[in-house]
Each structure stands twice: as structure tokens, then as C-alpha cells.
Amino acid sequence: MLYKNIKKFYTAIYLRLSREDGDKTESNSIRNQRELLSDFIKKQSDMEMVDEYIDDGYSGTNFDRPGFQRMIEDAKKGKVNCCLLYTS
């Protein structure tokens, strides 16, 4: 098992919806993703949510998204060692 030595998962949640899917300041889908992922983490004894990274209004066709890039940098720095996202 790859993660057997990890005692705690310092977790990032990544939330994204393209602008084509909605035009509100923060889409309902982003709120729903946040709630689902946060509830999941609360049920895990070995997970702690560190931060959330949001790209509401960005296409998923490339990685040129500020929230995604910030999450990757935090993972490289060791701030997070687990990233969760919701897909439908």
C-alpha cells in the first residue's frame, strides 16, 4: 500500500465549474461541491482540510487556472498531501 506510512492526510479540496455552466458570482454547483467534499472529510478520522482551491468560471481543458496552480504549489511545498475533487 502506497500510503501506509501517512498518519494524517492534509487535504485540499478543488472546486471548479466553467463559466459556460453558470453565470452567478459563485455557482450553486461550487457550493454543492464544497459541501459534499467538506462532509466527506469530516467523516474521516485521518483527514484534515487545509484549504480550498476554486476556479469558478475556468475551462477544464487546460491547467492554466489560478486555483489549480496554487494547489499544485502547496502540494510541492508539502502543505497538502491529498487533493479531493468532485466529478459527476
For region 34-88, the count of residues that are under 13 Å from the mean Cα position of the chain (by Cα) and of a type in the set (Ser, Thr, Tyr) equals 4
Can you pull out the residues in region 41-88 that are part of a loop (DSSP other than H, G, I, E, B), open to solvent by less than 70 Å² (accessible area, probe 1.4 Å), within 24 Å of Lys7 (Cα to Cα) and free of Cβ contacts under 8 Å to residues at least 60 places away in the same chain? Gln44, Asp46, Gly78
How many of the residues in region 44-79 are among the small types (Gly, Ala, Ser) and over 25 Å from Asn28 (Cα atoms)? 3
Considering only region 53-70, I want to know if a residue exists there that is over 14 Å from Tyr86 (Cα atoms), polar (S, T, N, Q) and at pLDDT 95 or above. yes
Looking at region 1-40, which of its residues are out of contact with any strand residue (DSSP E or B) (no Cβ under 8 Å at 6 or more places or on another chain) and either at pLDDT 70 or above or buried (at least 16 other Cβ atoms within 10 Å of the Cβ) (or both)? Asn5, Ile6, Lys7, Asn28, Arg31, Asn32, Glu35, Leu36, Asp39
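The values are calculated or read from the model by the stated rules, or taken from the named source; none is laboratory data. What you see is a predicted model; the values in this text were computed from it and never measured. Don't worry about glycine lacking a Cβ; one is built from the backbone with ideal geometry, like all the others, and counts go over all protein chains shown. Note: accessible area is taken over every heavy atom of the protein model, side chains too, but ligands, DNA and RNA are not part of it. Shrake-Rupley method; radii C 1.70, N 1.55, O 1.52, S 1.80 Å.
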